[in-house]
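Below is one structure, written out as structure tokens; the observations come after it.
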Amino acid sequence: MDIIRQRIQDFFSTPPEGQKVEVLGWVRSVRESKQVAFLHLSDGSTTAPLQVVVDKTREELASCLETLRTGASVRVVGTLRPSPGTKQPVEIHAEALTVLGPAPEDYPLQKKRHSFEFLREIAHLRPRTNTIGAVMRVRNTLAWEIHRFFQERGFLYVHTPIITTGDAEGAGALFRVTTLPPDAPYDPTEDFFGAPAFLTVSGQLEAEAYALAFVNVYTFGPTFRAENSHTPRHLAEFWMVEPEMAFCDLEGDMHLAEEFITHLLEAVLERHPEEMAFFEQWIAPGLTDQLEAVVNTPFTHMTYTEVIEHLKKAPASFTFPPEWGMDLQTEHERYLTEELVKGPVIVTDYPKEIKAFYMKQNPDGRTVRAMDVLVPRLGEIIGGSQREDDYERLLARMQELGMRIEAYQWYLDLRRYGGAPHAGFGLGFDRLVQYVTGMQNIRDVIPFPRTPGNAAF
């Protein structure tokens with residue numbers, strides 16, 4: 001008889017009952033009685049462990065159990081049978097048991113609940129927990145669906161550089177890249193690239209160059225911000241999704257953003273009912289209903305000026321009193337989406353002074369063709385704009401902000417040589433994962449978080 005080897009998830013979904021099977025995984029727990037032992041095995045494919053029934057009267061199996069502890073990796077060959085319990089449809093009755101990698105008694109992940117703070121200290125082991133396992137399966141699906149969404153619409157995937165000489169956002173929170181000794185005076189002409197170089201804060205500017213050749217492109221990669229932020233929403237290294245579309249205005253940009261968010265949420269709800277049920281029970285009660293509401297509710301459009309007027313009339317008391325010209329705070333965004341509109345909101349036409357240099361100015365001279373997508377519970381999930389395609393206006397704005405024009409001459413050239421109207425947006429991928437899973441801290445939705453004072457692992 002052939003031995004069937006599958007992942008645990010496949011045994012649950014399409015069980016080959018009565019047949020000899022092989023499963024490989026890690027022991028979550030061991031429970032013993034006088035004649036029988038029960039192992040719970042996990043291989044990361046599902047939240048529920050697979051129960052292995054071991055007959056202790058068989059000497060070769062009993063000898064393995066003597067050294068078997070939680071955390072060990074094992075190979076089990078046996079027969080798959082219907083489980084008499086209600087927690088899982090099938091179980092394996094072991095005929096052969098091999099310990100592939102033992103685990104000592106002080107293995108950190110014993111059968112009990114661990115705090116997320118503790119799990120961050122053992123980030124190399126925490127993917128074996130139910131919570132991080134569920135988060136990473138959802139993260140995987142979201143990444144796959146991002147590529148599928150754009151590929152099905154004819155977008156070109158562009159790999160933009162990690163090392164750059166400019167600050168795409170103009171925020172100044174940059175990690176410098178240098179090969180010069182730390183105790184030597186900094187002279188960029190003596191450095192590796194012959195000029196100041198930094199880790200990228202965004203792939204947008206380079207993506208614009210490719211959009212003005214391929215029409216529709218996107219980039220999806222790591223970005224870096226040297227912000228000394230210790231909040232549950234900030235990372236120093238994170239992943240960004242940034243589409244750019246030529247011959248596109250703000251209306252087209254907003255339409256794509258709404259379609260994009262809806263597609264991703266629908267995909268997770270459809271493909272991960274088990275994980276969503278887990279998050280509902282242990283992390284964020286009501287999460288599924290919240291996500292379904294975003295999927296099924298048309299996005300409300302408001303200008304920034306209209307938003308400020310609504311906030312000033314609001315019965316709520318804000319830590320940051322709303323005034324025209326200020327950046328919207330999370331408390332304002334959540335009031336809009338959770339109290340006023342009770343659904344997703346797209347805010348447009350922000351004051352130019354609080355937005356990036358590359359955004360196209362409106363005729364009023366005070367605002368730019370920018371948009372932010374806000375969702376309940378999180379606030380901003382997408383930020384985008386129509387880009388300034390007029391050479392003189394862009395140059396004047398850069399000079400007004402005191403930017404190093406020589407470092408951006410190539411970007412200005414895009415307006416000189418066959419420039420075209422274009423638009424795009426950015427989505428923080430890790431914040432999306434945090435939002436979809438209901439996790440409270442963004443450090444728990446990325447494999448190895450990079451934050452101020454921490455670059456372990």
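A single entry from 411, 350, 435 fulfils the requirement of being over 16 Å from the mean Cα position of the chain (by Cα), in the same structural domain as residue 292 (by TED's automatic domain parsing) and part of a helix (DSSP H, G or I): 411. Among the residues making up segment 128-150, those that are closer than 28 Å to residue 242 by Cβ and either more than 19 Å from the chain's Cα centre (by Cα) or surrounded by fewer than 18 Cβ atoms within 10 Å (Cβ to Cβ) (or both) are 140, 143, 144, 147, 148. In a residue-by-residue description of segment 442-453, the property of being outside any loop (DSSP other than H, G, I, E, B), closer than 24 Å to residue 219 by Cβ, modelled with pLDDT of 95 or more and touching an Asp or Glu at 6+ places or on another chain (Cβ under 6 Å) applies to at least one position. Exactly one residue out of 61, 39, 68 is out of contact with any Cys (no Cβ under 8 Å at 6 or more places or on another chain) and part of a strand (DSSP E or B): that is 39. List pairs: first in segment 87-104 and touching a residue at least 12 places away in the same chain (Cβ under 8 Å), second assigned to a strand (DSSP E or B) and of a type in the set (Gly, Ala, Ser), Cβ under 6 Å, 6+ apart or cross-chain? Filtered contacts from segment 87-104: 92/78; 93/78; 94/78; 95/78; 100/73; 101/73.
Out of curiosity, is residue 285 surrounded by fewer than 17 Cβ atoms within 10 Å (Cβ to Cβ) and under 16 Å from the mean Cα position of the chain (by Cα)? Spelling it out, it is not the case that residue 285 is surrounded by fewer than 17 Cβ atoms within 10 Å (Cβ to Cβ) and under 16 Å from the mean Cα position of the chain (by Cα). All conditions in (1) within 31 Å of the chain's Cα centre (by Cα); (2) over 19 Å from residue 130 (Cα atoms) hold for residue 57, with the sole exception of (1). If you check residue 222 against the conditions, is it at pLDDT 95 or above and exposed (fewer than 14 other Cβ atoms within 10 Å of the Cβ)? Spelling it out, it is not the case that residue 222 is at pLDDT 95 or above and exposed (fewer than 14 other Cβ atoms within 10 Å of the Cβ).
Number of residues in segment 373-395 that are part of a strand (DSSP E or B) and either hydrophobic (A, V, I, L, M, F, W, C) or surrounded by fewer than 23 Cβ atoms within 10 Å (Cβ to Cβ) (or both): the value is 7. For beta carbons closer than 9 Å, sequence separation of 6+ or different chains, a first residue in segment 7-19 that is assigned to a loop (DSSP other than H, G, I, E, B) and a second that is surrounded by fewer than 13 Cβ atoms within 10 Å (Cβ to Cβ), the qualifying pairs are 15/82; 17/82; 19/1; 19/2; 19/3.
Restricting attention to segment 99-154 and to residues that are out of contact with any Asp or Glu (no Cβ under 8 Å at 6 or more places or on another chain) and of a type in the set (Gly, Ala, Ser), the residue that is nearest to residue 46 (Cα to Cα) turns out to be 133. Taken together, the residues in segment 113-131 that are part of a loop (DSSP other than H, G, I, E, B) and among the acidic types (Asp, Glu) amount to 0. Mind listing just one residue for me: the one in segment 1-28 that is surrounded by fewer than 16 Cβ atoms within 10 Å (Cβ to Cβ) and among the polar types (S, T, N, Q) and, of those, farthest from residue 132 (Cα to Cα)? By that ranking, first place goes to 19. Among the residues making up segment 48-86, a single one is touching a residue at least 60 places away in the same chain (Cβ under 8 Å) and among the charged types (D, E, K, R): 81.
A single member of 339, 292 is in a helix (DSSP H, G or I) and under 23 Å from residue 267 (Cβ atoms), and it is 292.
For the criterion of being in a strand (DSSP E or B) and basic (Lys, Arg), residue 334 fails. Would you say residue 294 is among the aliphatic types (A, V, I, L, M), more than 24 Å from residue 146 (Cα to Cα) and either out of contact with any Leu (no Cβ under 8 Å at 6 or more places or on another chain) or assigned by TED's automatic domain parsing to the domain that holds residue 138 (or both)? Answer is no for this residue.
If you go through segment 46-80 and keep only what is out of contact with any Gly (no Cβ under 9 Å at 6 or more places or on another chain), buried (at least 17 other Cβ atoms within 10 Å of the Cβ) and hydroxyl-bearing (Ser, Thr, Tyr), you end up with just 70.
Filtered by the rule that a residue be surrounded by fewer than 21 Cβ atoms within 10 Å (Cβ to Cβ), under 27 Å from residue 388 (Cα atoms) and among the small types (Gly, Ala, Ser), segment 227-267 gives a lone residue, 252.
For segment 353-372, residues that are of a type in the set (D, E, K, R) and either assigned to a strand (DSSP E or B) or on the phi > 0 side of the Ramachandran plot (or both) total 2. For the residues 200, 231, the requirement of being farther than 25 Å from residue 377 by Cα and of a type in the set (S, T, N, Q) singles out 200.
Counting only residues that are within 26 Å of residue 454 (Cβ to Cβ) and either of a type in the set (Asp, Glu) or under 19 Å from the mean Cα position of the chain (by Cα) (or both), segment 85-127 holds 10 of them. Restricting attention to segment 1-38, which residues are closer than 27 Å to residue 113 by Cα, of a type in the set (A, V, I, L, M, F, W, C) and in contact with a Lys or Arg (Cβ under 8 Å, 6 or more places away or on another chain)? Within segment 1-38, 23, 24, 26, 27, 30, 36, 37, 38 meet the criteria. Restricting the first member to segment 352-380 and to residues that are closer than 17 Å to residue 432 by Cα, and the second to residues that are of a type in the set (S, T, N, Q) and surrounded by fewer than 18 Cβ atoms within 10 Å (Cβ to Cβ), the beta-carbon pairs closer than 6 Å and six or more apart or on different chains are 379/330.
The values are calculated or read from the model by the stated rules, or taken from the named source; none is laboratory data. The structure presented is a predicted model; accordingly, all values stated were derived computationally and were not measured. Cβ coordinates were reconstructed from backbone atoms using ideal geometry, including for glycine residues, and neighbour counts include every protein chain displayed.
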